[in-house]
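S.K.: There's a structure below that I have some questions on.
The values are calculated or read from the model by the stated rules, or taken from the named source; none is laboratory data. Since the structure is predicted, the reported quantities are computational estimates derived from the model, not experimental observations. Cβ coordinates were reconstructed from backbone atoms using ideal geometry, including for glycine residues, and neighbour counts include every protein chain displayed. For accessibility, only protein heavy atoms count, side chains too; no ligands or nucleic acids. Shrake-Rupley method; radii C 1.70, N 1.55, O 1.52, S 1.80 Å.
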Amino acid sequence: MALYLVKRLFAALIIMLLVVFFTFVIFFQLSPDPAASICGQTCTPERIEAIRYQLGLNEPFFTQFFTFLAAIFVGRDYGSGASAVHCNAPCIGYSFQTNQDVLQGIIDRLPVSVTIAVGAAVLWLLSGVAAGVISAVKEGTWWDKGAMMFALAGISLPNYFVALVLQYLLVVQLQWLPFPTVVPFTDSPVQWFQAYLMPWMVLALMYASMYARLTRTNVIDTLGENFMRTARAKGLGRGAVLIRHGLRPSLTPIVTLLGVDFATLLGGALITETVFGLNGVGRYAYDAIAVNDQPVIMGVTLVAAFAVIIANIVVDLLYRLLDPRVRVSSS
Amino acid sequence: MTASLSNQVEEFGRPDPGEDFSPGAGALKRILGKPSVILSLGFLVFIVLLAIFAPLITQLSGYSPYEFDEGAVDPALGGLPRGPLGGISADHWMGVEPQNGRDIFARIAYGARVSMLIGIGATAITMIIGVVMGVIAGFLGGFVDAAISRVMDFLMAFPALIFMIAILSALPQGNRPLLLVLVLSLFSWPATARVIRGQTLSLKNREFVEAAKTSGAGWVPLVFREVLPNLSGTIVVMATLAVPTFIATEAGLSFLGVGITPPDPSWGQMIASAVTWYSSDPMFFAIPGMFLFLTVLSFTVLGDNLQKIWAGGL
């Protein structure tokens, strides 16, 4: 077990290194000169040179790469002498546009992304799993057909389109909700809830549809297993068999999926955040892309990749805890 | 967007390798009798014809997708289309865009070209790379398998959407559709390769492959004669399910402003420009939205049904 964990962490480290390397190549080799874009329109060649020196952009590629890498662990200094700026570890640089610490920028926006992810996950887990289990138990009935048709539509609807339809119906036509404006929870819990309700619904519709389809398939598979027949033969009722023996093997894959989907949302529900004007991590990246703010784009990419990689490890460990069959076959 | 492809593949990746993958003609006939399948096929044929004949059709309808028609919008209302339902009339079959009065039907037709071209192009490249890599990894095993699997792990751990947006915004304008196809394929082939690898692994140890091997066949003929024909069902199903995810992702990227560059139309980009008008001119987002939704849905319905045949569910 310990050996397995060490191996996984080592593999994760290598993948992270590769992610850093490739993001670095793309942003520093392919995109337009950042020094020129920072300097703006009234700019002299000397000024561009000074900026390049300050940011270390005059160094060879690999020197820049290793400086960037080292900064994550030990921090770095920008410029030299009296004008030097120290960036504490873990340092992933400063925004070219606002000069704000990128990591701080991400941390500031993380609560919004976490709120979106948690609320949506609760909604889609409850509705998706429930719909999937009921559909599986009532396989072939009108309920099953209806729910699966709904789920099929759910996975086919682009979420920005759903966002516009919801906003048009709930805000403009029916006026059940005010135009969403984000306020801190402590100021007005009601307004806070109203601001997040539509983003939750939009994301939950998509994921709940996927989860309902997957849950249904899994439960149907499990219902056909021998151990289920044995449990029935022992005299347990249909419902009791399903709850005591059927749910655990059917829902284990859902747990693993949830981990990765949740982590992906932490890296920013880019489209949803943008459409609803929520200032989360995804929106941060989106705004940065519009003005070619490379350190921010790199920072968000790295943090998002980190979240997904960590989630994958956690999920695999959880899988071993939850599913005895995996434990037996691996030992 | 990209998550859904791998999930669908996940659901699919379970047919028992011991089963025969080839469907009977009866099963095919049975799904062709389902109303949902007939409707989906009908809609897709309509969209494909619309895409292929877009230049001819727009000559018939009278407006090109780039042509401004100031007479169709009302400057007194801030440029809203004249007439009800976003200006739908005998002249403009699906209304006009607010402000500049471009014909929405013409833009939908040309947008269908973009969606189909990118959806099918990216699927073709993804399937080719995915199948080649998956078969090689599964069949050769050992070091080659380890290397390919690590590359796949690496690409699948990437936050693909953010990365695609970043690459597309960093790259020069150039040939936008081609660029989109390449970027979409780059992040999608591992999902295909993983499933193909798994099935190749299980096929490799089946009797008929063993038999061919003992009779002295080299690995190339083995792959082409014994393995690939048995993977064809999986490939058809995965391809059918990949097209809609690519169409949706292209629309999403164009919606975010890094896909197809204006003035060329794309459904996603049309929805994006409708965002500021959503309360006063809802038809402007509803029309491209419905086209996008129905196209994605139709492909998914087809893929689902094909999958049921091959998985032996029908």
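S.K.: Within the set of other residues whose C-beta is less than 13 Å from the C-beta of B:Ala212, count the net charge using Lys and Arg as +1 and Asp and Glu as -1.
M.R.: Residues near B:Ala212 contribute +1 overall.
S.K.: Using each residue's phi in the stretch A:56-62, evaluate 6.51 cos²θ - 1.76 cosθ + 1.60 at θ = phi - 60° and report the 3J(HN,Hα) Karplus result to the nearest Hz, with x for Gly and Pro.
M.R.: Once rounded to whole Hz, the list reads x, 6, 7, 6, x, 3, 5.
S.K.: Let me ask something else. Just A:Gln54, A:Gln167, A:Gln175 to compare: in a GNM of chain A, with alpha carbon springs under 10 Å, which one fluctuates most?
M.R.: Among A:Gln54, A:Gln167, A:Gln175, the largest GNM mean-square fluctuation belongs to A:Gln175.
S.K.: Roughly how many nanometres apart are two label points built 7 Å out from the Cα toward the Cβ at A:Leu13 and A:Ala70?
M.R.: Each label point lies 7 Å from its Cα, and together they span 1.9 nm.
S.K.: Please state the charge dipole magnitude for chain A, taken about the Cα centre, from unit charges on C-beta atoms (+1 on K and R, -1 on D and E), reported in debye and rounded to the nearest 20.
M.R.: 1780
S.K.: Quick one: go through the stretch B:76-118 and flag any residue whose amide nitrogen is under 18 Å from the point 7 Å out along the Cα-to-Cβ line of B:Thr261.
M.R.: Output list for this probe position: B:114.
S.K.: Mind putting a number on the dipole of the protein assembly as shown about its Cα centre? Charges go on the C-beta only, +1 for Lys and Arg and -1 for Asp and Glu, and I need it in Debye to the nearest 20.
M.R.: Its charge dipole is roughly 2320 debye.
S.K.: Could you compute how much accessible area chains A and B hide from each other, both sides summed, with a 1.4 Å probe? Nearest 100 Å² is fine.
M.R.: Accessible area lost upon association: around 3800 Å².
S.K.: Between B:Val73 and residues 5 or more places away or on another chain, which pairs have amide H atoms under 5 Å apart, with H built 1.01 Å from N, and which residues are they?
M.R.: B:Arg82
S.K.: Under a point-charge model restricted to the Cβ atoms of Lys and Arg (+1) and Asp and Glu (-1), what is the dipole moment magnitude of chain B relative to its Cα centre, in debye to the nearest 20?
M.R.: The dipole magnitude comes to about 740 debye.
S.K.: Farthest toward the dipole's positive end in the protein assembly as shown, which of A:Asn226, B:Pro262, B:Val183, given Cβ charges of +1 (Lys, Arg) and -1 (Asp, Glu) about the Cα centre?
M.R.: Working it through, the farthest residue towards the positive pole turns out to be A:Asn226.
S.K.: Say the dipole of the protein assembly as shown comes from +1 at the beta carbon of Lys and Arg and -1 at that of Asp and Glu; which of A:Thr215, A:Val85, B:Ala160 then lies farthest toward its positive end?
M.R.: Looking along the dipole axis, the top candidate is A:Thr215.
S.K.: With heavy atoms of protein chains only and a 1.4 Å probe, what residues of the stretch A:162-188 have at least 30 Å² less accessible area in the full set of chains than alone?
M.R.: A:Leu164, A:Tyr168, A:Val172
S.K.: Give me a comma-separated list of calculated 3J(HN,Hα) values for the stretch A:16-24, in order, Karplus coefficients 6.51, -1.76, 1.60 applied at θ = phi - 60°, integers in Hz, x for any Gly or Pro.
M.R.: Using θ = phi - 60°, the values come out as 4, 4, 5, 4, 4, 4, 5, 4, 4 Hz.
S.K.: Using only atoms on other chains, find how many Cβ atoms lie within 10 Å of each Cβ of peptide A:294-305 and report the average.
M.R.: Taking the mean over all residues of the peptide, I get 3.
S.K.: A further question on this structure: Please give the contour-minus-distance gain from A:Phe227 to A:Ile48: 0.36 nm per residue of separation, less the Cα-Cα distance, rounded to one decimal in nm.
M.R.: Result: 57.3 nm gained on full extension.
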